[in-house]
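Only one structure is covered here, and it is reproduced in the block below.
The values are calculated or read from the model by the stated rules, or taken from the named source; none is laboratory data. Values in this document were obtained by computation on a predicted structure and should not be read as measured data. Don't worry about glycine lacking a Cβ; one is built from the backbone with ideal geometry, like all the others, and counts go over all protein chains shown. For the accessible areas, the whole protein counts, side chains as well, though only heavy atoms, and no ligand, DNA or RNA atoms are used. Shrake-Rupley method; radii C 1.70, N 1.55, O 1.52, S 1.80 Å.
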Amino acid sequence: MNTALAPVEQLLIGDFWVLWYAKSNTYSIVTTEFKLLLDEYLVSESKTQFLNSLCFEEDKELQNKITKKVFSYLQSCNSPYTIPTNLNSASLDKTKRYISKQYTFKNKTVQVNYCSELVLKTIHPSIAHYCNISKSKVDVFFDVYLKENHLHLFKNEELISYVPKKDYHYIQGKFIMQLLCELHNKTEDDWIGSLHGSTITDEKNSILFVGKSGKGKSTLCALLANAGLKLLADDVSPLHSKDQNIYYNPSAISIKQGAFKLLEPLVENFKNLPIVNFNKTKGVLKYLPTIKPKQNNYPCRAIILVNYKSESETLLEPVSIKTILETIIEDSWLSPNPKHAEQFLSWLKNMKLYQLTYSDTTCVTKEVSNLFKEL
């Protein structure tokens, strides 16, 4: 009826179809039954033809209900996508440079200027272990400051983004993406996306761990890193277009207060890590630095949905792409480039998908280590 509303990319993964709509840059997961209805609707030349194709011709009310559902679905998937740059002609306010920190990442030094201790807490704690006290030649300058109730991010005196202060996490994400581009000599156009999840590697392959806040994802990554595996990326896992590998993110693991007692006897020096109290939503945090992997990127072979459950047995079981995608997509940035959308679907198709329920720290470490051996 209106092929302009059709998905641009589509792929069957397990029991579900994953569809990508270019106009909105959104991914949708539907059943095969709904996909058949959708296909029939899109090829029908009129509403009457579509209604006639339905097998329950006598039930007009049900026919109209289904037609309305399909049309509403397509409309919602085709709302125009706008790039959330939030840029204007604002110029850099150098009077806001009250605190300056330098961070050295191997052969590149980054300086970040902050306007206050509060704004410093949005970025500094996760990369504090790279902070360099001695002044070095700076390769890249960032400015992060609050002005007129908006957080501003500048890179080399060019405005990258500004958002209301309540949306500070957008500035955090934008900063990490710009930092990753610098460290890996890439541009934003080189990435399929930055996935909301943490990645662990055995320095051959990697596994992406995803999960809602409070489900034990960061705690598990800390346990695995302590057991000899390496943290490739915490919370933001960048997926590159050229090789479809996940790349190194230098951020430390953010650990919530609820996991402090669990990790203190297991992780050396954990008790002495500084406490960061940013806001009521985040609560009290500690940032755990880890040893950098030998390489900057590794192929990802599996995605695991983490589910800490008190007094549960350790259980690793297959899970659907629907469950995984609905967890990842909400807080991930995915490129609007059709080529990248096709690559993302192909990448997902090749992933082993699991849910991991655990409470015992020894058993869960052994379970993940065994999975690495199988990959």
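See the values below:
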{"quantity": "Accessible area, probe 1.4 Å, largest first, for residues S46, S76", "calculated": "S76, S46"}
{"quantity": "Förster radius 41 Å - calculated FRET efficiency between D243 and L62, Cβ distance, rounded to 0.05", "calculated": "0.25"}
{"quantity": "Within a Gaussian network of the chain (alpha carbon springs, distance under 10 Å), most fluctuating of S218, S44, S332", "calculated": "S44"}
{"quantity": "Vicinal HN-Hα couplings computed from phi for the range 198-204 (Karplus, 6.51 cos²θ - 1.76 cosθ + 1.60; Hz; Gly/Pro x)", "calculated": "10, 10, 10, 10, 9, 6, 10"}
{"quantity": "Whole-Hz couplings from phi, Karplus 6.51/-1.76/1.60, listed for the range 232-238; x for Gly and Pro", "calculated": "8, 7, 9, 6, 10, 10, x"}
{"quantity": "Estimated dipole of the range 183-310 in Debye, rounded to 20 [Cβ of Lys and Arg +1, of Asp and Glu -1, Cα centre]", "calculated": "500 debye"}
{"quantity": "Rounded percent of accessible protein surface that carbon and sulfur make up, the chain, 1.4 Å probe", "calculated": "49 percent"}
{"quantity": "Ellipsoid semi-axes in whole angstrom, largest first, where each is sqrt(5λ) of the Cα gyration tensor of the range 108-214", "calculated": "24, 19, 15"}
{"quantity": "Nonlocal amide H pairs with N249, under 5 Å, H built at 1.01 Å", "calculated": "A233, D234"}
{"quantity": "Point-to-point label distance, K35-I275, nm (Cα→Cβ direction, 7 Å offset)", "calculated": "5.1 nm"}
{"quantity": "Relative contact order of the chain, defined on C-alpha pairs under 8 angstrom at six or more residues apart (%)", "calculated": "14 percent"}
{"quantity": "Against the rule of thumb 2.2 N^0.38 Å, how large the Cα Rg of the range 291-375 comes out", "calculated": "1.26"}
{"quantity": "Distance histogram for the chain (every C-alpha pair counted, 20 angstrom bins, percent rounded to whole numbers)", "calculated": "26, 52, 20, 2, 0"}
{"quantity": "Dipole magnitude (debye, nearest 20) for the chain, charges at Cβ of Lys, Arg, Asp, Glu", "calculated": "1480 debye"}
{"quantity": "Centre separation in Å (Cα based) which lies between the range 210-250 and the range 153-191", "calculated": "20 Å"}
{"quantity": "Rounded to whole Hz, the Karplus (6.51, -1.76, 1.60) HN-Hα couplings of the range 91-99, x for glycine and proline", "calculated": "9, 5, 9, 6, 6, 8, 7, 8, 10"}
{"quantity": "Distant-in-sequence amide H partners of S100 (H built 1.01 Å from N, under 5 Å)", "calculated": "Y114"}
{"quantity": "Label-point gap, in nm, between N350 and L315 - each point 7 angstrom along Cα→Cβ", "calculated": "3.2 nm"}
{"quantity": "GNM flexibility winner over the chain from A90, A233, A259 (Cα, springs under 10 Å)", "calculated": "A90"}
{"quantity": "Relative contact order of the range 153-241, pairs being alpha-carbon contacts under 8 Å that are 6 or more residues apart, as %", "calculated": "29 percent"}
{"quantity": "The range 133-260 - accessible surface per residue (Å², probe 1.4 Å)", "calculated": "39 Å²"}
{"quantity": "Long pairs among K186/K292; K166/K292; K174/K242, criterion Cα-Cα beyond 30 Å", "calculated": "K166/K292"}
{"quantity": "Amide H contacts under 5 Å for S161, placed H, 5+ residues apart", "calculated": "L153"}
{"quantity": "Mean Kyte hydropathy of 0.0 or more with a Cα span along the axis of at least 18 Å, helices from DSSP in the chain", "calculated": "168-183"}
{"quantity": "Fully extended contour minus Cα-Cα distance, from S369 to K94, at 0.36 nm per residue", "calculated": "94.1 nm"}
{"quantity": "Charged-residue dipole, Cβ positions (Lys, Arg, Asp, Glu), the range 185-253 about Cα centre, Debye nearest 20", "calculated": "280 debye"}
{"quantity": "Within a Gaussian network of the chain (alpha carbon springs, distance under 10 Å), most fluctuating of Y98, Y308, Y168", "calculated": "Y98"}
